[in-house]
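The values are calculated or read from the model by the stated rules, or taken from the named source; none is laboratory data. What you are looking at is a predicted structure, and each value in this text was computed from that prediction instead of being measured. Heads up, the Cβs are rebuilt from the backbone with ideal geometry, glycines too, and the neighbour counts pull from every protein chain shown.
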């Protein structure tokens, strides 16, 4: 069976957590596409050209354990705004999306650009303040110098760059189910996503 679930949304809305839970529940393969861009961003920070890094990305790059920092997130967002970087990574994502047995991909342009014919499309979002608090709690555990104000500013800057870029801007697909997790717990959000997928599978 080939079945694609496309999950998009801004940073810290919960799409990664939901995607991983959904993939585990249905036995689908899971790809956090943001890691592709973070891996490129990490190599750019090390002095490489963004396009060259994207064209030569390896599984080892994606598997690094230092891709979840704020610095890498900003570098990834900047790299993702480069059309040739996106082109280099599109085919990898499309091939993954049609894996036998089903696949869940989460990112920012999965339902609109990478997998416009996905069987299920979700757009996971939350208020700026809620997302910033989630990201702050995640980052401050690693770096005590992080402040709520700086995290909110970084998040809004990244949102603006992702939404305003000329190539594949962040936005919900026209046929996506919008899931606002501002007042949802993890279990509630996962259950809402699961029901949406079950509804399509049972047709």
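Quick notes on this structure:
- Residues that are within 29 Å of residue 193 (Cβ to Cβ) and over 19 Å from the mean Cα position of the chain (by Cα) within the stretch 26-59 comprise 26, 27, listed in sequence order.
- Residue 100 meets the stated requirement of being closer than 23 Å to residue 2 by Cβ, touching a residue at least 40 places away in the same chain (Cβ under 8 Å), more than 16 Å from the chain's Cα centre (by Cα) and not in a helix (DSSP H, G or I).
- Exclusive hit being on the phi < 0 side of the Ramachandran plot, in contact with a helix residue (DSSP H, G or I) (Cβ under 6 Å, 6 or more places away or on another chain), surrounded by fewer than 20 Cβ atoms within 10 Å (Cβ to Cβ) and in contact (Cβ under 8 Å) with a residue 40 or more places away in the chain, set 119, 138: 119
- Conditions (1) over 30 Å from residue 4 (Cβ atoms); (2) part of a helix (DSSP H, G or I): number failed by residue 144: (2)
- Remark: residue 124 matches the filter, which requires a residue to be in contact with a strand residue (DSSP E or B) (Cβ under 9 Å, 6 or more places away or on another chain), crowded, with 16+ Cβ neighbours inside 10 Å and either under 25 Å from residue 38 (Cα atoms) or modelled with pLDDT under 95 (or both).
- The residues of the stretch 157-167 that are surrounded by 12 or more Cβ atoms within 10 Å (Cβ to Cβ) and in a loop (DSSP other than H, G, I, E, B), listed by number, are 165, 167.
- Restricting the first member to the stretch 165-176 and to residues that are over 20 Å from residue 120 (Cβ atoms), and the second to residues that are in a loop (DSSP other than H, G, I, E, B) and modelled with pLDDT under 95, the beta-carbon pairs closer than 6 Å and six or more apart or on different chains are 165/81.
- For residue 149: the one exception among (1) without any contact (Cβ under 8 Å) to a residue 12 or more places away in the chain; (2) assigned to a helix (DSSP H, G or I); (3) over 22 Å from residue 78 (Cα atoms): (3)
- Qualifying residue in the stretch 185-193 (condition: under 18 Å from the mean Cα position of the chain (by Cα), buried (at least 16 other Cβ atoms within 10 Å of the Cβ) and outside any helix (DSSP H, G or I)): no
- Whichever residue in the stretch 67-92 is at pLDDT below 90 and in a loop (DSSP other than H, G, I, E, B) and, among such residues, is surrounded by the most Cβ atoms within 10 Å (Cβ to Cβ): 81
- The lone criterion from (1) assigned to a loop (DSSP other than H, G, I, E, B); (2) surrounded by fewer than 19 Cβ atoms within 10 Å (Cβ to Cβ); (3) under 19 Å from the mean Cα position of the chain (by Cα); (4) at pLDDT below 95 left unmet by residue 170 is number (2).
- In the stretch 20-66, the residue that is surrounded by the fewest Cβ atoms within 10 Å (Cβ to Cβ) out of those that are in a loop (DSSP other than H, G, I, E, B) and at pLDDT 95 or above is 47.
- Which listed residue, of 190, 151, is more than 22 Å from residue 111 (Cα to Cα) and out of contact with any strand residue (DSSP E or B) (no Cβ under 9 Å at 6 or more places or on another chain): 151
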